[in-house]
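The values are calculated or read from the model by the stated rules, or taken from the named source; none is laboratory data. Worth saying up front: this structure is predicted, and the values here are computed from it rather than measured. Neighbour counts run over all protein chains shown; Cβ positions are idealised from the backbone, glycine included.
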Amino acid sequence: MNKILFVLLICCFCSCNLSETNKKETIDKDQVAIKTEDSKKLINDPRSPNPSSELAVLMRDMWEYADTLKTAIVNKNTKELPDYLPHFENILGAEPTDEHTKSPAFDAMAKIMLQKLENVYQNASKGKEHSLQVEGFNLFVKSCLQCHEQQCPGPVSKISKLVIK
């Protein structure tokens with residue numbers, strides 16, 4: 001009986017180990033993205049110790065961008081806002097870390113956020129007074145916060161630091 005149990009345990013161990021070693025993994029030429037057979041495309045982002053999803057990397061890009069935008073608005077230097085990065089519009093198609101993150105509510109909030117970001121540029125290009133530019137920027141940040149409070153609360157404290165007082 002003990003021998004049978006031992007053989008079964010060995011078979012289970014080998015089977016589990018084999019399934020791990022048979023996992024297909026592809027790495028792109030630049031060693032930037034890793035894709036496993038049973039998961040999403042992961043990106044080696046130097047800002048994170050672990051590979052990240054497309055959406056996570058895009059969100060980090062957006063935070064850095066928003067921080068630069070905040071500095072320009074605070075310094076009343078809206079004539080030289082950082083260039084709008086068109087890849088932000090990929091937010092609707094970027095693959096998330098958790099597939100449940102992407103929902104109709106996420107898509108609606110992402111569209112609102114992009115609209116608020118566009119308003120920041122319109123306010124600056126029209127030379128609106130500084131208080132309206134600050135208000136427009138804060139509405140953009142608040143749209144990010146509203147989504148993160150519902151979808152992915154982890155970065156809420158970091159995002160809230162973008163609000164201009």
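Flag not set for residue 94, criterion: at pLDDT below 95, among the small types (Gly, Ala, Ser) and more than 23 Å from residue 47 (Cβ to Cβ).
Looking at 105, 110, just one residue is small (Gly, Ala, Ser), closer than 24 Å to residue 132 by Cα and part of a helix (DSSP H, G or I), and that residue is 110. Scanning the range 104-128 for residues that are closer than 12 Å to residue 73 by Cβ and either touching a Gly at 6+ places or on another chain (Cβ under 6 Å) or not aromatic (Phe, Trp, Tyr) (or both) yields a count of 4.
Taking residues in the range 60-79 that are under 22 Å from residue 97 (Cβ atoms), and partners anywhere that are of a type in the set (D, E, K, R) and assigned to a loop (DSSP other than H, G, I, E, B), the pairs with Cβ atoms closer than 7 Å and at least 6 places apart or on different chains are 60/45; 60/47.
Could you list, in sequence order, all residues of the range 39-82 that are part of a strand (DSSP E or B) and among the hydroxyl-bearing types (Ser, Thr, Tyr)? Within the range 39-82, 52, 53 qualify.
There is at least one residue in the range 124-131 that is acidic (Asp, Glu), farther than 23 Å from residue 53 by Cβ and not in a helix (DSSP H, G or I).
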